[in-house]
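**Student:** Before anything else, here's the structure in question.
The values are calculated or read from the model by the stated rules, or taken from the named source; none is laboratory data. What you are looking at is a predicted structure, and each value in this text was computed from that prediction instead of being measured. Virtual Cβ from ideal backbone geometry, glycine too; neighbours counted across all protein chains shown. Please note that ligands, DNA and RNA were not included when accessible areas were found on the heavy atoms of the full protein model with its side chains. Shrake-Rupley method; radii C 1.70, N 1.55, O 1.52, S 1.80 Å.
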Amino acid sequence: MKWSIAPFSRFLLFFISGILFELQIPNLIPVSQLTLFVIVAIFFTYYILVNKFKFQYIPSLFGFFAFIFLFTTGIFVLRCKQDIPENDILNEKGNISSYIGIIKESTYNGNSNKCLIEISAVKIDNKWVRLTGKVLLHIKANKKLPLDGKILVAGSPKLIKDPLNNEDFNFRTFYANKQIYFQDYKSEDRIILIGIPETGWQNKIIFALRERAERIIETFIPFPENRVSTALILGDKSGLDPELKKAFSGTGTMHVLAVSGLHVGLIYYVLLIFTSFLLKLKRGRVIQAGIIIFCLWAYACITGLSPSVCRAATMFSFIVIGESFIRNTSILNSVSLSAFILLLLNPLNIKDVGFQLSYAAVIGIVTIQPSLKRLFESKYKAINAIWSLCCVTLAAQLATFPGTIFYFHQFPVYFLIANLVVIPLSTIIVYTTISLLVFSFIYPIGLILGKIISWLIIVVKYLIFFIDSLPFSTIQNITFNQPQILSIYFLIISFSAFLISRQLSWYKLAVISFALLLLSTSIVGYKEKSTKQMIVLHKKDRSVLMFKSGDNRLILTDTNKVINQMTVADIACGKLIVYNKTEIVLIDKKIPPSFSIRRELDILLLQKNAVKDLNEIKEMFKVKKIVLDGSNKDYLSKKILEQAAKSGVDCYYTGDKGAFVYDIL
């Protein structure tokens, strides 16, 4: 590939490198508006010297200036985005008793609302203060709250905490990337809707179109198949069966249910065909581009402007602009430009899993798919079409494979077969549903199309459940660290570049990447095998104790009575466990007055509210550390923590600090 036809792909790499550098090593490089001004001044001075005074043009010097400018711009925009205003509730130390905000997002599942509230004022010491911030508010209610409605909430929002167990999903980091730091849970009687927005004519049209589409789908497509059709066309997955979503995820076809690049691409190609006659007009290309972009964004509005559909609409908008107005460009350049604009507006998008995987998939299809397609060619068009679809699926899977493993720790073994079946069928379903929406006013045609869609969805569901039920359909619990993921990406990129260019240097880089992957995997494996730990997980109202030795895991719950690989003895108040010379006493029953263990214990684990006061056990046990797990009442645990702090006893509560990890020597 020549950089000249895809310059923004290089600019994007420079810009992303600045963002990633700042994320990994924040505030190391002093960057300000003055810094950017000086860099731009130097850049344009060099440009003037080359063009006006005929100085020698040095491409490498120009590239260096471009790199420095975009690298520092990446750092600067991230810092601007991460800056927290002085009037943000995150900086407020007073006690908030109520707050007022605007509902910016609202999802209703039948008995509760999940809303994103933008705060405008808070009540502190009986005085209203103008503050800003975002709160994720969960409300138990029997109706959906309106978007842009003004709401009064009693109580104070709570900071989103880190997960209490390492293997749990980190919601704090996930929402912090969206600059949401607080959450709140309320019943309907704790909120008052104090302002209902006046809906503009644009929103009225959008809501009317969406409601009409929902009514048509529910009228002509029977339940539960209409739920799948609604997810495919409108992006509403709230009515889908959890088992069906799990099956789609396990077969690597979940992207079909999320309105994203696949669906916007299908709409794009339909619009391209139906507006092709405009190319005969003098300004036909411009008119065609305008109509396509308008229709894509209208569809995005109707589906609710979710991040995935907005990314896809932005991407295809730049592709339309590139193909309509710019000669000798490439799709990769248009895709890179769209990513550049989205990151410029919100550099934290780089940490969004959906953003990473969607752009990785598109870049993989654009760069890898053509080379794969050239590997085989048949004289039969049908075989070539199947092979082309296989190449698209393989290219997308290769590009997203490292990210999927890193974030979701699973790999769908039969992804190629599943996508080969589901994508063509879902394409037919999408186009047939669009036809239903257009021709539903002719009742007999609506009935026929509804039956066809229903049968197609039944076939898709059957195939998905069948593929998911096959042996070894999903490899789970795959764990790779960042160096391993980077090695895999370098391997994929270098080997793909070798297939495209046939240059030996790319092949050598692929071999080096593979060697680094083997080395990092060996190091991780060695460390893993030499690790022996006892972990007390935090589970509310339950006791879960895990013993880890290399690749082996042994989990003891309050319902599990059989334990191997260790010495276990029942005692009057619980159990005594000896594991590799480490002695642990589990107390889950009331302690008899005369009971005691004279020797020093490593861990004393208190469970199920068996101990209500530290004085009950002070004279009975001599221990290095006391641990309280999630099966104890919170107030009892905190009471014992306070007593331990006053007495100088080392005490740990999983409800405050998360899972307790103890290295066994």
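**Student:** Starting from residues that are of a type outside the set (D, E) and modelled with pLDDT of 85 or more, keep the ones in segment 161-189 and report whichever is farthest from the chain's Cα centre (by Cα).
**Tutor:** Initially, segment 161-189 is screened for residues of a type outside the set (D, E), giving 161, 163-166, 169-183, 185-187.
Applying the additional criterion that residues be modelled with pLDDT of 85 or more yields 180-183, 185-187.
Numbers: I180: 15, Y181: 17, F182: 19, Q183: 18, Y185: 23, K186: 26, S187: 28 Å.
Here the answer is S187.
**Student:** If I go through segment 642-665 residue by residue, how many of them are under 37 Å from the mean Cα position of the chain (by Cα), aliphatic (A, V, I, L, M) and surrounded by fewer than 19 Cβ atoms within 10 Å (Cβ to Cβ)? Explain how you work it out, then say what you get.
**Tutor:** So in segment 642-665, the residues under 37 Å from the mean Cα position of the chain (by Cα) come out as 651-664.
Still in the list and also aliphatic (A, V, I, L, M): 659, 661, 664.
Then drop every residue that is not surrounded by fewer than 19 Cβ atoms within 10 Å (Cβ to Cβ), which leaves 661, 664.
So the answer is 2.
**Student:** Going through segment 501-526 one residue at a time, which ones are among the charged types (D, E, K, R) and in a helix (DSSP H, G or I)? Give the steps one after another, and end with the answer.
**Tutor:** Of all residues in segment 501-526, those among the charged types (D, E, K, R) come to 502, 508.
Matches in segment 501-526: K508 only.
**Student:** In segment 471-521, what residues are more than 24 Å from the chain's Cα centre (by Cα), hydroxyl-bearing (S, T, Y) and open to solvent by less than 70 Å² (accessible area, probe 1.4 Å)?
**Tutor:** Result: S494, S496, S501, S513, S520, T521.
**Student:** Got a number for residues in segment 239-261 being more than 18 Å from the chain's Cα centre (by Cα) and open to solvent by 30 Å² or more (accessible area, probe 1.4 Å)?
**Tutor:** First, the residues of segment 239-261 that are more than 18 Å from the chain's Cα centre (by Cα): 239-244, 247, 251.
The next check asks that each one be open to solvent by 30 Å² or more (accessible area, probe 1.4 Å); those that pass are 239, 241-243.
Of the residues in segment 239-261, 4 are more than 18 Å from the chain's Cα centre (by Cα) and open to solvent by 30 Å² or more (accessible area, probe 1.4 Å).
**Student:** From L78, L147, L70, L90, grab the single residue that is modelled with pLDDT under 80 and assigned to a helix (DSSP H, G or I).
**Tutor:** Details: L78 fails: modelled with pLDDT under 80; L147 fails: assigned to a helix (DSSP H, G or I); L70 fails: modelled with pLDDT under 80.
Result of the check over L78, L147, L70, L90: L90.
**Student:** Does F8 count as aromatic (F, W, Y) and either in a loop (DSSP other than H, G, I, E, B) or at pLDDT 85 or above (or both)?
**Tutor:** Details: aromatic (F, W, Y): yes; either in a loop (DSSP other than H, G, I, E, B) or at pLDDT 85 or above (or both): no.
It is false that F8 is aromatic (F, W, Y) and either in a loop (DSSP other than H, G, I, E, B) or at pLDDT 85 or above (or both).
**Student:** For segment 523-552, which residues satisfy the criterion of being hydrophobic (A, V, I, L, M, F, W, C), more than 18 Å from V578 (Cα to Cα) and buried (at least 17 other Cβ atoms within 10 Å of the Cβ)? First the steps, then the outcome.
**Tutor:** We begin by selecting, within segment 523-552, every residue hydrophobic (A, V, I, L, M, F, W, C); these are 523-524, 534-537, 544-547.
Cutting the leftovers down to more than 18 Å from V578 (Cα to Cα) gives us 523-524, 537.
Scanning segment 523-552 gives a single hit, L537.
Listed here are the residues, each with its yes/no results for (1) without any contact (Cβ under 8 Å) to a residue 40 or more places away in the chain; (2) closer than 30 Å to R215 by Cα; (3) in contact with an Asp or Glu (Cβ under 8 Å, 6 or more places away or on another chain).
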site	(1), (2), (3)
L437	no, yes, no
V459	yes, yes, no
N481	no, no, no
I485	no, no, no
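**Student:** A follow-up question, please. For segment 494-520, give me each residue that is at pLDDT below 80 and either closer than 20 Å to Q482 by Cβ or of a type in the set (A, V, I, L, M) (or both).
**Tutor:** Residues satisfying the conditions are A497, L499, I500.
**Student:** Can you spot a residue in segment 152-159 that is open to solvent by 80 Å² or more (accessible area, probe 1.4 Å) and modelled with pLDDT under 85? Can you show your working first?
**Tutor:** Pass one, segment 152-159, residues open to solvent by 80 Å² or more (accessible area, probe 1.4 Å): 158-159.
Filter once more, keeping what is modelled with pLDDT under 85: none.
Within segment 152-159, not a single residue is open to solvent by 80 Å² or more (accessible area, probe 1.4 Å) and modelled with pLDDT under 85.
**Student:** Give segment 284-341 a look and list any residue that's of a type in the set (K, R) and within 25 Å of Q369 (Cβ to Cβ), or say none. Steps first, answer last, please.
**Tutor:** Of the residues in segment 284-341, the ones of a type in the set (K, R) are 285, 311, 327.
Within segment 284-341, R311, R327 meet the criteria.
**Student:** Return yes when G265 is open to solvent by 20 Å² or more (accessible area, probe 1.4 Å) and either at pLDDT below 75 or out of contact with any strand residue (DSSP E or B) (no Cβ under 9 Å at 6 or more places or on another chain) (or both) and no when it is not. Before the answer, list the steps.
**Tutor:** Numbers: open to solvent by 20 Å² or more (accessible area, probe 1.4 Å): no; either at pLDDT below 75 or out of contact with any strand residue (DSSP E or B) (no Cβ under 9 Å at 6 or more places or on another chain) (or both): yes.
For G265, the condition - open to solvent by 20 Å² or more (accessible area, probe 1.4 Å) and either at pLDDT below 75 or out of contact with any strand residue (DSSP E or B) (no Cβ under 9 Å at 6 or more places or on another chain) (or both) - is not met.
**Student:** Sticking with this one: Just to verify a result, which residue in segment 591-620, among those that are part of a helix (DSSP H, G or I) and surrounded by 14 or more Cβ atoms within 10 Å (Cβ to Cβ), is modelled with the highest pLDDT? Step through it out loud before you land on a result.
**Tutor:** Narrowing segment 591-620 to residues part of a helix (DSSP H, G or I): 614-616.
Okay, now just the ones that are also surrounded by 14 or more Cβ atoms within 10 Å (Cβ to Cβ), so 614, 616.
Details: L614: 82, E616: 77.
Per the stated criteria, the residue is L614.
**Student:** Here are Y414, Y407: which of them is at pLDDT below 80, under 28 Å from S473 (Cα atoms) and open to solvent by 60 Å² or more (accessible area, probe 1.4 Å)? I'd like the intermediate steps shown before the answer.
**Tutor:** Numbers: Y414 fails: open to solvent by 60 Å² or more (accessible area, probe 1.4 Å).
On inspection, the qualifying residue turns out to be Y407.
**Student:** In addition: Within segment 621-634, does at least one residue satisfy the condition of being at negative phi, among the polar types (S, T, N, Q) and in a helix (DSSP H, G or I)?
**Tutor:** To start, the set of residues in segment 621-634 that are at negative phi comprises 621-634.
Add one more test, that the residue is among the polar types (S, T, N, Q), and what stays is 631-632.
Narrowing further to those that are in a helix (DSSP H, G or I): none.
No, that holds for no residue.
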